[in-house]
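Here's the structure, in structure tokens; my notes come after.
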Amino acid sequence: VWAKVPQGPPDAILGITEAYKADSHPEKINLGVGAYRDDKGKPYVLPSVRSAEKKVVDAALNKEYAGITGVPEFTKAAARLAYGSDSPVIQEDRVAVTQSISGTGALRIGGAFLERFYPGGKTIYIPTPSWANHNAVFKDSGLRVEKYRYYNKDTIGLDFEGMVEDIKNMPKGSIVLLHACAHNPTGVDPTEDQWRSISDAVKEGGHYPFFDMAYQGFASGDTAKDAFALRHFISEGHRPCLAQSFAKNMGLYGERVGAFSIVCESTEEKKRIDSQIKILVRPLYSNPPVHGARIASEILNDSALNQQWLGEVKGMADRIIKMRALLKENLEKLGSKHDWSHITSQIGMFAYTGLTAEQMDKLAKEYSVYATKDGRISVAGITSDNVRRLAEAIYKVKG
Ligand code: PLP
Ligand code: TYF
């Protein structure tokens, strides 16, 4: 029956790990997938997560199903984290929120909801470039996917004018996907002033903003600061929707903890939206898993654990910032004549090096340094021990 099923290509990012594993070089370096590593290159389970998990296990809760929209203590706290507890949308109880299978699941629920109910054109605009999975998630949700300008390869920075112009030129009422902070893959974010102009442009076009916030806390080390764009849009009267992931900021990758929310006009509207989200989720997966959400809920609702967690998020963000500085410093020490300032000006987990696909190929084949072909490196994979060898490899392929 499956004779006509063609062999598909591997995931552009997750496929890197396979190639890395197959390499026997003793000092191989994996900068492919965006997953935080400690300074010894090991996966990191946050101490706050260990404590929260212990509390969850010690409470010996039952394993009954959650409701369709998940663990309420978790979703309420997730919304407060994103929008701010003092936000009018929280105070006035008009955010419809549902637990999701991490950020990807949140994007997919959002895509499906918009496909079913959005009254405007069912086209979503994503930045060029964007997280590789955005296109597939939204296409499979039944939306048309188009692009807007975002990255300027000449400046290795934001193409702000191009972005605003493209937003203004979209058909009225388009859906615009915005990375809330720590843009993946470029590490290039708009400044707060630029966000203000972007908000104006979205408003002028009567567009609908869809925020993807997969790195809250990871960009600056401060969860409120990283939510600036989302909160500013709301203060300007936008009513966006939001995909949240706790994979990175709580290191809960494989637990698949996330939330999808829609800011509504009123509590009454929220109730109607909630009812439709439930109808949409049921045939997808019925209801979400509880364990990870319980862990996140402990961290978000217990004030001591919450403080501890915020410190640990900042610790991860700071280590990444330090590795950026060390990489740049090492490249300069080697005598590289290129300007590497973008490595330290970009933020979040990734750096867009500006290396070509050929140079990235060479890095893998000759130096066992693995990262995506677009020149993105996961700075979270750099350590005090491998940064020198990494700089040498980059210097040798690029100069
Ligand atoms: N959105 C962006 C921009 C991402 O980089 C990621 C990857 O971490 C996600 C969403 C979703 O990831 P997850 O499904 O693991 O939460
Ligand atoms: O961009 C990354 O590396 C992360 C992790 O299909 C990721 O967002 C990558 C690919 C994928 C799922 C997660």
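Here, each number is a calculation from the coordinates, and none is a lab measurement. Remember, predicted model here, so these are calculated numbers, not experimental data. Using ideal geometry, Cβ is built from the backbone for each residue, glycine included, and neighbour counts are taken over all protein chains shown.
One compactness figure for the stretch 65-301 is 0.94, namely its Cα radius of gyration divided by 2.2 N^0.38 Å.
Working note: Karplus 6.51/-1.76/1.60 with θ = phi - 60° gives the stretch 350-358 the couplings 10, 10, 9, 6, x, 6, 7, 4, 5 Hz, where Gly and Pro are set to x. In a DSSP loop and with at most 11 other Cβ atoms within 10 Å, the chymotrypsin sites (Phe, Trp or Tyr not before Pro) in the stretch 3-65 are 65. The phi-based Karplus calculation (6.51 cos²θ - 1.76 cosθ + 1.60; θ = phi - 60°) puts the 3J(HN,Hα) values of the stretch 83-98 at 8, x, 4, 8, 5, x, 5, 7, 4, 8, 6, 10, 10, 8, 10, 9 Hz, whole numbers, x for Gly and Pro. The alpha carbon gyration tensor of the stretch 318-360 gives principal lengths a ≥ b ≥ c with a/c of 1.5 or higher and a/b no greater than b/c, which makes the shape oblate. Beta bridges per DSSP, both residues in the chain: antiparallel share near 50 percent. Comparing 283, 48, 232 along the charge dipole axis of the chain, the residue lying farthest to the positive side is 283, per the Cβ-charge model. Taking GluC sites (Glu not before Pro) across the stretch 138-187, none is in a DSSP loop with at most 10 further Cβ atoms lying within 10 angstrom of its Cβ.
Beta-bridge orientation, the stretch 65-301: approximately 45 percent antiparallel, per DSSP, counting only bridges with both partners inside. Would you mind classifying the stretch 208-308 by shape? Square roots of the alpha carbon gyration tensor eigenvalues, ordered a ≥ b ≥ c; an a/c under 1.5 is rounded, otherwise it is prolate if a/b is larger than b/c and oblate if not. Cα axes put the stretch 208-308 in the oblate bin.
When you filter the trypsin sites (Lys or Arg not before Pro) in the stretch 293-399 for DSSP loop state and at most 12 other Cβ atoms inside 10 Å of their Cβ, you are left with 337. Rounded to whole numbers, the Karplus 3J(HN,Hα) couplings from phi for the stretch 247-264 are 4, 8, 6, 10, x, 9, 2, x, 7, 6, 10, x, 8, 10, 9, 10, 7, 10 Hz, using 6.51 cos²θ - 1.76 cosθ + 1.60 with θ = phi - 60°, and x at Gly and Pro. When the square roots of the Cα gyration tensor eigenvalues are ordered a ≥ b ≥ c, the ratio a/c for the stretch 98-215 is 1.5 or more and a/b does not exceed b/c, which makes its shape oblate.
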